[in-house]
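Okay, structure first, notes after.
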Amino acid sequence: MPLRPPGVSDEARFVEKCLRCFQCVRSCPNKIIKITGFESGLNNLFTPHLEFHEFGCDYNCQVCQLACPNFAIPLQTLREKQSAKIGLASIDEKLCVVFARDTNCLVCEEFCPVPEKAIKIRKI
């Protein structure tokens, strides 16, 4: 299942309500909302999904919610959006310098936009 914009919790409702108008794609300032192709089946064709390659979802942004004309991406307060679970991060140990080069690094924690830090460094 594709990773959906913040606030989308009911996949069936989202796919049904989405007009495939691409307003969310055009409006996303970080360009992380992409159009789903055939890889996720015909039912999901042309629906928006998230791709986090270079950027993340801006912590203080609600643009896609406001741009969605049919409310497939539901309107939420900023606080609701900020606490919405979008996905689960994972570490690619081949790319992470902590694992790949056995060196210290805090970049993920430092750049995490969540004030309470969604990414925390723990000593094991």
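The values are calculated or read from the model by the stated rules, or taken from the named source; none is laboratory data. Quantities reported herein were computed from a predicted structural model and do not represent experimental measurements. Please note: Cβ atoms are built from the backbone with ideal geometry, for glycine as well, and neighbour counts cover all protein chains shown.
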Exercise for the section: Restricting attention to the range 20-64, report how many residues are among the basic types (Lys, Arg) and on the phi > 0 side of the Ramachandran plot. Expected result: 2
Completion exercise
Restricting the range 29-53 to residues that are of a type in the set (D, E, K, R) and loosely packed, with under 14 Cβ neighbours inside 10 Å, the one farthest from Pro69 (Cα to Cα) turns out to be Glu39
Practice task
Could you check, for the range 2-25, whether at least one of its residues is free of Cβ contacts under 8 Å to residues at least 40 places away in the same chain and in contact with a Cys (Cβ under 8 Å, 6 or more places away or on another chain)?
Solution key: no
Exercise for the section: Answer with yes or no whether Glu109 is surrounded by 12 or more Cβ atoms within 10 Å (Cβ to Cβ) and closer than 18 Å to Leu50 by Cβ. Expected result: no
Fill in the blank from the handout: Of Glu39, Glu51, the only residue that is acidic (Asp, Glu) and either in the same structural domain as Phe111 (by TED's automatic domain parsing) or over 16 Å from the mean Cα position of the chain (by Cα) (or both) is Glu39
Completion exercise
Of Phe99, Phe71, the only residue that is in contact with a Lys or Arg (Cβ under 9 Å, 6 or more places away or on another chain) and either hydrophobic (A, V, I, L, M, F, W, C) or more than 17 Å from Pro29 (Cα to Cα) (or both) is Phe71
Exercise for the section: Find the helices (runs of 4 or more DSSP H) located wholly in the range 27-124 whose residues include 2 or more that are β-branched (Val, Ile, Thr) and without any contact (Cβ under 8 Å) to a residue 60 or more places away in the chain, and list them. Expected result: 97-100
Problem - Boolean, Phe71 is aromatic (Phe, Trp, Tyr) and either exposed (fewer than 13 other Cβ atoms within 10 Å of the Cβ) or modelled with pLDDT of 95 or more (or both) - result: yes
Completion exercise
The number of residues in the range 1-14 that are closer than 16 Å to Leu75 by Cα, hydrophobic (A, V, I, L, M, F, W, C) and either in a helix (DSSP H, G or I) or more than 15 Å from the chain's Cα centre (by Cα) (or both) is 1
